[in-house]
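What follows is a single structure, written as structure tokens, with notes after it.
Taken together, the values in this text are just the output of simple stated rules run on the coordinates, not laboratory data. Computed from a predicted structure; not experimentally measured. We place every Cβ from the backbone using ideal geometry, glycine too, and count neighbours over all the protein chains shown.
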Amino acid sequence: MNALQCDLPGPAAAGRAAEGKGSRPMAEPQQMPNALQVARAMTQVLRAKLAVFGAEEIMLTREEAALCLGLAEGVAEGLEQDTQQDQ
């Protein structure tokens, strides 16, 4: 598996299954990855794409965009929880 083929459960896996591209069926409920897992996966994806120094633009697949969204949502959720604990 290369850095562009991260096989994490969650929104990206749901998208792969809906498109018939999943490597495993969605029959079993799976735990969503935490923000750290998503951040690590997204780091691998972005590092690989940014390694092509001649590219002026970087295109993200739907799955890669889902990883970005998952990371942003995880960070937002963590910050909201921190804010609630401070009050």
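Any idea what the alpha-carbon Rg over 2.2 N^0.38 Å comes to for the range 33-86? Could the numbers behind the result be given before it?
Values: Rg = 13.8 Å, N = 54, 2.2 N^0.38 = 10.0 Å.
Compared with the compact-globule rule of thumb, the range 33-86 sits at 1.38.
In nanometres, what is the gap between the two model label sites at Leu79 and Ala65, each 7 Å from Cα along Cα-to-Cβ?
Roughly 2.2 nm, to one decimal.
Taking θ as phi - 60°, what are the ³J(HN,Hα) couplings along the range 33-45 by the Karplus curve (6.51, -1.76, 1.60), each to the nearest whole Hz, with x for Gly and Pro?
Those phi angles translate into x, 7, 4, 5, 4, 5, 4, 5, 5, 5, 4, 4, 4 Hz.
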